[in-house]
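Trainee: First the structure, which I've put down as structure tokens, then a few questions once you've had a look.
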Amino acid sequence: MSAQPEQETPGRDSLMLRRVAIDTYRENVAYLHRDCAVYRAEGFQALSKVEVRANGKRILATLNVVDDAAIVGCNQLGVSEDAFVQLEVPDGHPASVSQAEPPESIPALFRKINGERLTRADFHAIVGDIAQHRYSKIELTAFVVASNRSELDREEVFFLTEAMVASGRRLDWHEPLVVDKHCIGGIPGNRTSMLVVPIVAAYGLVFPKTSSRAITSPAGTADTMEVLATVELPFDRLTEIVRTHRGCLAWGGTANLSPADDVLISVERPLALDSPGQMVASILSKKIAAGATHLVLDIPIGPTAKVRSMPEAQRLRRLFEYVAQRLHLSLDVVITDGRQPVGQGVGPVLEARDVMRVLENHPDAPNDLRQKSLRLAGRLIECSPDVRGGDGFGIARDILDSGRALAQMQAIIEAQGSRDFDHHHPALGVLTLEVTAAQAGVVTGIDNLQIAQIARLAGAPKVQGAGVDLLRKLGDAVRAGETLYRVHASYPADLEFARQACLRFNGFSLGHADQVPHVFVEF
């Protein structure tokens, strides 16, 4: 929630604000000492919702009660990092706290818990309260689980998406054509955005790519781009870069786009809930709020991808198309190969290396990453009224082969703030583990989830040089004892965690060539 101006007269219940250096991840938390006179007088309870006021601003927070004066003294009101930033006052500033009114949308939440269908007004009320941090984590969890259990119908998904767009800023680039590209996720190494953006921007289309950081994956687009350039940019600087260079690759946290989505994700990810309705609302609300008029959406299919079959992919496609059409967003859904990781590296530095190799047309550039990026870029270029259907791939390939995409990427990197990165000699974790084939055979399966987990245990994305460097892909013949992949880590404990995971299951299946799973693609 953005702190809201409000008149406040300091009184006898005024406390001294204290910044408590705890990252509570999208939740405002306030801290009072158990022996604080205000705590006793107001009859507060731990985990109750309170209203904090300071310097004419107010925020809502969840109350934690502490017994250690080293954290918060009896005359102090502690606030978490997120809450402190929103109040915009210094440590020690006078502040007050009071009981918060229950969110007005709670009756609608209870109806959803009971399995009822909600109206447009219900969703706008619930999402508005979520964006204003009026819901506790328990109430948020109840909404996410209820929406997952009694799956939202397609009109409810539209209502939810519309409400999420309305909960924050909506950008207007004053351009008739603003493009974006998104993958529903689940495929390690799939850094196509970092290639599609410079190709499409070099063609001349506006492509303001704002991405999230990894939460459960070994690297997000923002994590990988951060190896090359600054990604946390003031909003005004971000818009200036887009207007000058036709594109950017930045972290989206500064733009206040669909803020309710960020709050919902904070409970969806730990619960590993990603229902179709919530996925559609999350993705489309962010893209529409970012000002996109045309979106290419990548749905990978594979045995260990989020979507496992073509019928499932088609159902998801129809839901995306229905909501996008209702919100006047031009949507092009493509179904791609999700049988294995894309590229060679899994982890920020390794993925940045792969991206730069493709941009430089390096002989060791991973061809699957190159081809997929060209096809996605081609579909976006075909959004232009000047391009005939089917011509986009050739245009994208020419832009990449000529070096124009590399030059565009270098210009974006310089504009955002270049980092010292030598992709010819990338700074990888110096501790390594070679994972080898126990027997001869053909690679018939690579488990996306397990490879991602091993890379995370090795330290990615927090440790940029950690991750998994794949040396074999589906259909490759290997001999017993030959290396399948190399794990990089910077700390012995991380390497040991990864080693233990590899011993349980290294993520590779070996067999005969006719056992390689069939690929479903729509390009």
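The values are calculated or read from the model by the stated rules, or taken from the named source; none is laboratory data. Please read all numbers here as calculations on a predicted model, not as lab measurements. No Cβ is skipped: glycine too gets one built from the backbone with ideal geometry, and neighbour counts run over all protein chains shown.
Trainee: For region 211-288, list the helices (runs of 4 or more DSSP H) that sit wholly inside it and hold at least 2 residues that are within 20 Å of Leu160 (Cβ to Cβ) and modelled with pLDDT under 85; which are they?
Mentor: Hits in region 211-288: 259-271.
Trainee: Wholly within region 64-146, which helices (runs of 4 or more DSSP H) include no fewer than the required count, namely at least 3 residues that are of a type in the set (Gly, Ala, Ser) and surrounded by 14 or more Cβ atoms within 10 Å (Cβ to Cβ)? Write out each step before concluding.
Mentor: Details: elements: 81-87, 106-113, 120-131.
Here the list reads 120-131.
Trainee: Only residues that are touching a strand residue (DSSP E or B) at 6+ places or on another chain (Cβ under 9 Å) and surrounded by fewer than 24 Cβ atoms within 10 Å (Cβ to Cβ): list them for region 194-205, please.
Mentor: Within region 194-205, just Leu205 meets the criteria.
Every residue, every condition in (1) of a type in the set (Ser, Thr, Tyr); (2) under 15 Å from Gln86 (Cβ atoms); (3) in contact with a Gly (Cβ under 7 Å, 6 or more places away or on another chain); (4) modelled with pLDDT under 95, yes or no:
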{"position": "Met16", "(1), (2), (3), (4)": "no, no, yes, no"}
{"position": "Val20", "(1), (2), (3), (4)": "no, yes, yes, no"}
{"position": "Tyr25", "(1), (2), (3), (4)": "yes, yes, no, yes"}
{"position": "Leu32", "(1), (2), (3), (4)": "no, no, no, no"}
{"position": "Ala41", "(1), (2), (3), (4)": "no, no, no, yes"}
{"position": "Ala46", "(1), (2), (3), (4)": "no, no, no, yes"}
{"position": "Lys57", "(1), (2), (3), (4)": "no, yes, no, yes"}
{"position": "Leu60", "(1), (2), (3), (4)": "no, yes, no, yes"}
{"position": "Asp67", "(1), (2), (3), (4)": "no, no, no, no"}
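Trainee: Which members of region 315-361 meet the condition of being over 22 Å from Ala214 (Cβ atoms), of a type in the set (A, V, I, L, M, F, W, C) and out of contact with any helix residue (DSSP H, G or I) (no Cβ under 8 Å at 6 or more places or on another chain)?
Mentor: Result: no residue meets the conditions.
Trainee: So, one more: With (1) touching a Phe, Trp or Tyr at 6+ places or on another chain (Cβ under 9 Å); (2) in a strand (DSSP E or B); (3) at pLDDT 95 or above as the list, and Phe207 as the residue in question, which single condition is left unmet?
Mentor: Exception for Phe207: condition (1).
Trainee: Here is a follow-up. Going by what's in this entry, would Gly115 be described as more than 28 Å from the chain's Cα centre (by Cα) and either at pLDDT below 95 or closer than 27 Å to Ser285 by Cβ (or both)?
Mentor: On the way: more than 28 Å from the chain's Cα centre (by Cα): yes; either at pLDDT below 95 or closer than 27 Å to Ser285 by Cβ (or both): yes.
Yes; evaluated as a whole, the condition is true for this residue.
Trainee: Does region 170-178 contain any residue that is crowded, with 18+ Cβ neighbours inside 10 Å, within 22 Å of the chain's Cα centre (by Cα) and basic (Lys, Arg)?
Mentor: Scanning region 170-178 turns up no residue that is crowded, with 18+ Cβ neighbours inside 10 Å, within 22 Å of the chain's Cα centre (by Cα) and basic (Lys, Arg).
Trainee: Can you tell me which residue in region 300-313 is nearest to the chain's Cα centre (by Cα), limited to those that are free of Cβ contacts under 8 Å to residues at least 40 places away in the same chain and assigned to a helix (DSSP H, G or I)?
Mentor: Glu312
Trainee: Taking Pro341 as meeting all but one of (1) over 23 Å from the mean Cα position of the chain (by Cα); (2) assigned to a loop (DSSP other than H, G, I, E, B), write down the number of the exception.
Mentor: (1)
Each row is one residue, and each column tells you yes or no for (1) farther than 27 Å from Leu228 by Cα; (2) surrounded by fewer than 22 Cβ atoms within 10 Å (Cβ to Cβ); (3) outside the structural domain of Gly220 (by TED's automatic domain parsing); (4) in contact (Cβ under 8 Å) with a residue 60 or more places away in the chain.
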{"residue": "Leu249", "(1), (2), (3), (4)": "no, no, no, yes"}
{"residue": "Thr254", "(1), (2), (3), (4)": "no, yes, no, no"}
{"residue": "Leu257", "(1), (2), (3), (4)": "no, no, no, yes"}
{"residue": "Val263", "(1), (2), (3), (4)": "yes, no, no, yes"}
{"residue": "Pro270", "(1), (2), (3), (4)": "yes, yes, no, no"}
{"residue": "Pro276", "(1), (2), (3), (4)": "yes, yes, no, yes"}
{"residue": "Val280", "(1), (2), (3), (4)": "yes, no, no, yes"}
{"residue": "Ile283", "(1), (2), (3), (4)": "no, no, no, yes"}
{"residue": "Ala289", "(1), (2), (3), (4)": "no, no, no, yes"}
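Trainee: Here's something else I'd like to know. I'd like the full set of residues that are over 17 Å from Ala437 (Cβ atoms) and assigned to a helix (DSSP H, G or I), limited to region 462-500.
Mentor: Pro492, Ala493, Asp494, Leu495, Glu496, Phe497, Ala498, Gln500
Trainee: Sticking with this structure for a sec: Residues in region 152-168: is at least one under 21 Å from the mean Cα position of the chain (by Cα) and among the charged types (D, E, K, R)?
Mentor: Among the residues of region 152-168, at least one is under 21 Å from the mean Cα position of the chain (by Cα) and among the charged types (D, E, K, R), which makes the answer yes.
Trainee: Of (1) surrounded by fewer than 24 Cβ atoms within 10 Å (Cβ to Cβ); (2) in contact (Cβ under 8 Å) with a residue 12 or more places away in the chain, Pro208 satisfies all except one. Which?
Mentor: Here Pro208 meets the rest and fails (1).
Trainee: Say whether the condition of being farther than 30 Å from Asn148 by Cα, touching a Lys or Arg at 6+ places or on another chain (Cβ under 6 Å) and of a type in the set (S, T, N, Q) is met by at least one residue in region 81-89. Walk me through how you get there before you give the answer.
Mentor: Initially, region 81-89 is screened for residues farther than 30 Å from Asn148 by Cα, giving 81, 84-89.
When the remaining residues are screened for being touching a Lys or Arg at 6+ places or on another chain (Cβ under 6 Å), the result is 84, 87.
If we keep only those that are of a type in the set (S, T, N, Q) as well, we get none.
Taking every residue of region 81-89 in turn, none turns out to be farther than 30 Å from Asn148 by Cα, touching a Lys or Arg at 6+ places or on another chain (Cβ under 6 Å) and of a type in the set (S, T, N, Q).
Trainee: Residues to consider are Leu331, Leu316; find the one that is touching a residue at least 12 places away in the same chain (Cβ under 8 Å) and outside any helix (DSSP H, G or I).
Mentor: Numbers: Leu316 fails: outside any helix (DSSP H, G or I).
From the options Leu331, Leu316, the qualifying one is Leu331.
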